[in-house]
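> Structure incoming, see below.
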Ligand code: NAP
């Protein structure tokens, strides 16, 4: 199998939908063996079934709750059983929004967004990096989904913006620690991408956002996935601790 990640084992969270699903498709096209993980087990299964039809390989789907350390450990064990090694590519696409104006935002909605987006990234990165180091595999590429909102802020998204700003600087710091193990860590900052996550945004808000995008259109999940695949591959061997904006010039 040829491609920029040929023969590599890749773990993708959020694989049931949007950017995570597109990332599974691009990584499989580029020759990786893909482990698609999501809270939505059926959706992850669908993703893996579809890529397996196009790009036969030993792909695998698994249920995960990224904010639950036991679930993350359990998934690592299943992967070790199936492949006898941890993945060297780890992509964190699982994420949620619970939007509300700050004066109305509940503690529960604040906590849930931090738990999934920030703590979930921490748990997956720590667990999989430890497995790589323990296995003596001196190479890896981790890519975390931050957001342009974590840089510029947004009304109604204080919880989300804080979680994504956290992911970006978590990633830069992890890169500084993991360089000596040959593990690169980068974050991707998408702008407005058409996925189920953005589907519920009212049309009025969408139109206003469109006027801020230089390309004058919303992004497609594949356009983020292509950048993720580049970061996952050895083509980006000297890109580390970086935050790559994929916003169409927002
Ligand atoms: P999406 O279509 O909603 O996909 C996210 C997936 O993550 C869903 O399948 C979701 O399952 C799953 N998930 C949620 N909580 C989880 C958990 N605790 N454990 C495991 N999986 C979980 O979203 P997307 O637009 O593709 O976004 C992917 C990533 O990019 C997110 O981190 C998002 O914040 C980030 N991002 C997106 C945009 C955008 O414009 N779309 C912009 C900037 C950043 P359920 O559907 O069952 O919740």
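We did not get these values from a lab; they are worked out from the coordinates using the rules stated. If you're wondering where the values come from, they're calculated on a predicted model, not measured in any experiment. Don't worry about glycine lacking a Cβ; one is built from the backbone with ideal geometry, like all the others, and counts go over all protein chains shown.
> How far apart, in nanometres, would the label points at residue 101 and residue 42 be if each is projected 7 angstrom from Cα along the Cα-to-Cβ direction?
Computed distance between label sites residue 101 and residue 42 equals 3.7 nm.
> Taking 8 Å as the Cα distance limit and 6 or more residues as the minimum spacing, I'd like the relative contact order of the chain as a percentage.
Here the relative contact order equals 20 percent.
> How far, in nm, would the chain grow between residue 6 and residue 152 when pulled straight, counting 0.36 nm per residue and subtracting the alpha carbon separation?
Full extension of this stretch gives 48.9 nm more.
> Using a Gaussian network model on the chain with a 10 Å cutoff between Cα atoms, which of 194, 103, 209 fluctuates the most?
103
> Same structure, new question: Could you state the principal axis extents of the C-alpha atoms in the chain, from the largest down, to the nearest angstrom?
Sorted largest first, the three principal extents are 49, 37, 35 Å.
> Further question on the same structure: Against the longest principal axis of the chain, how steep is helix 221-232, in degrees 0 to 90 to the nearest 10, with axes from Cα atoms?
Approximately 40 degrees, to the nearest 10.
> Still on this structure, I have one more. Expressed as an acute angle from 0 to 90° and rounded to the nearest 10, what is the orientation of the C-alpha long axis of helix 69-83 relative to the principal long axis of the chain?
40 degrees
> Post the alpha-carbon centroid distance, segment 176-195 to segment 201-219, in whole angstrom.
25 Å
> Between residue 216 and residue 81, how many nm apart are label points set 7 Å from Cα along the C-beta direction?
Taking the two extended label points, one gets 5.5 nm.
> Continuing with this model, one more query. Using only Cα atoms and rounding to the nearest 10 degrees, what angle (0 to 90) does helix 18-29 make with the longest principal axis of the chain?
Between the helix axis and the principal axis of the chain, the angle is about 30 degrees.
> Under the Kirkwood approximation for Rh and a Cα-based Rg, what ratio Rg/Rh is obtained for segment 1-103?
With Rg and the Kirkwood Rh in hand, the quotient comes to 1.02.
> So, one more: Using 1/(1 + (r/R0)^6) with R0 = 22 angstrom and r between the beta carbons of residue 200 and residue 69, what's the FRET efficiency to the nearest 0.05?
0.15
> Separate question: Within 10 Å of each residue's Cβ, count the other Cβ atoms and sort 83, 218 from fewest upward.
Sorted ascending by nearby Cβ count, the order is 83, 218.
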